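Contents: one structure, followed by commentary.
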Amino acid sequence: MNRTDQPLDVDALRAGVVGPWAGIDVVERTGSTNADLLAAAAAGAPDRTVLTADHQDAGRGRLTRSWAAPAGTGIAVSVLLRPQGVAPSRFGWLPLLAGLAVLDTVREVGVGTAGLKWPNDCLVGVEQRKVAGILAEVSGQVSGQISPAVVLGIGLNVTAAPPDTPTATSLAAEGCDASRTDVLVTLLRRLAEREAEWRDARGDPDAHRLRADYRAGCLSLGSQVRVELPAAAPIVGIAEDVDRDGRLLLLDAAGHRRAVAAGDVVHVRPTDRAPG
């Protein structure tokens, strides 16, 4: 059995991540870890709760897209965050810092060629294939009182990519032989570090080099992209920067600058290669 084929080691996970995380639940199978943790959030689950599944068969991505993978080939994990002291306007940085934590992890387990497509898709290899995706969802109602909570769901292909997604790849395909347990422990540790720094700075992305590190890892910046919107004409322009709220700053051919938020975007595609 290859190390990447082994089931998740529950004891090793709990030993490796409890401390920065309040607790971790591991289930054999579920439809969606995000849906399960959103329900737990509404019932009052504590800050920094983690849920992961050996197999997720109804995972979802942004804009109701699906995220599926054969059993035991990847990581499906969701974390519940209640970032008290951080203005909700800064919550847009949570999926970006999660993407950065995925990038930290991918590099740490030995995949050298990797970067982020704004806002948080992790692309690896010379062909820049997708190895991970992230979905952030907000739950704000707990016991009749407003208590903002964000559930971050991360899907990461470890042993294999979904067979019907030619633009995806896996860590194993890029030469990584780390077990899913080792990858998940690394991911949760890096995510805890990034989120704690962000929360400690009250959501300021310029503290602890968060925005600087994101800029350095983002493949979109400096290139021409086509931004597709749900109810408006696409925007083509140079992706210049990411602002303090995590929005992508675009400069179009007429010299106009525009900020677009991840929640307002259907697709962001480079204009110099086929859609991915």
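Bear in mind these aren't lab numbers, they're just calculated from the coordinates by the rules spelled out. On a predicted model such as this, the values are computed, not experimentally measured, just so you know. Glycine gets a Cβ as well: all are built from the backbone with ideal geometry, and neighbour counts include every protein chain shown.
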Could you pull out every residue, at least 5 positions away or on a different chain, whose amide H is within less than 5 Å of the one on Gln6? Hs are placed 1.01 Å off N in the peptide plane, and Pro or chain starts have none. Arg180
Tell me, what ³J(HN,Hα) does each residue in region 97-112 have, in order and in whole Hz, if you take phi through Karplus 6.51 cos²θ - 1.76 cosθ + 1.60 with θ = phi - 60° and put x for Gly and Pro? 5, 5, x, 5, 5, 4, 4, 3, 5, 4, 5, 5, 8, x, 9, x
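Express in nm, to one decimal, how much length is gained between Asp57 and Arg257 on full extension, taking 0.36 nm for each residue of separation and deducting their alpha carbon distance.
Values: separation 200, 0.36 × 200 = 72.00 nm, distance 4.10 nm.
Here the segment from Asp57 to Arg257 would lengthen by 67.9 nm.
Please give me, ordered by residue number, the trypsin sites (Lys or Arg not before Pro) of region 194-265 that lie in loop per DSSP and have at most 14 other Cβ atoms within 10 Å.
Those satisfying the criteria are Arg202, Arg244.
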If each part is reduced to its alpha-carbon centroid, region 5-19 and region 100-122 end up apart, in Å, by 22
Could you run the Karplus curve 6.51 cos²θ - 1.76 cosθ + 1.60 with θ = phi - 60° over region 235-242 and give me ³J(HN,Hα) per residue in whole Hz, x for Gly and Pro? 10, 10, x, 7, 6, 8, 6, 10
Among Tyr214, Ile154, Gly175, pick out the residue whose Cα is farthest towards the positive end of the charge dipole of the chain, where Lys and Arg carry +1 and Asp and Glu carry -1 on C-beta, about the Cα centre. Tyr214
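Relative to the present Cα-Cα distance, how much length would full extension add between Asp245 and Asp264 at 0.36 nm per residue of separation? Kindly include the intermediate steps, with their values, before the conclusion.
Details: separation 19, 0.36 × 19 = 6.84 nm, distance 1.36 nm.
My answer for the length gained is 5.5 nm.
Might you report the magnitude of the Cβ-based charge dipole of region 224-270 about its Cα centre, with Lys and Arg at +1 and Asp and Glu at -1, to the nearest 20 debye?
Working: 6 positive and 7 negative charges, 14 e Å.
Computed about the Cα centre, the dipole is about 60 debye.
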Point-to-point label distance, Thr271-Ala216, nm (Cα→Cβ direction, 7 Å offset): 3.0
What nm value, rounded to one decimal, do you get for the distance between Ala231 and Glu197 when each label is placed 7 Å out toward the C-beta? 3.8
Whole-angstrom gap from region 73-88 to region 211-259, using each part's C-alpha centre: 25
Please express the Cα-Cα pair-distance distribution P(r) of the chain as a list of whole percents, one per 10 Å bin, running from 0 to the bin with the greatest distance. 7, 30, 37, 21, 4, 0
For Thr33, Thr49, what ranking results if the residue with the fewest other Cβ atoms within 10 Å of its Cβ goes first? Thr49, Thr33
Simple Cβ-charge dipole of region 3-217, Lys/Arg +1 and Asp/Glu -1, about Cα centre, in debye nearest 20: 600
Helix-only estimate, please: 222 nm mean residue ellipticity of the chain, summing -39500 (n - 2.57) across DSSP H runs of length 4 or more and dividing by its residues, to the nearest 500. -7000 deg cm²/dmol
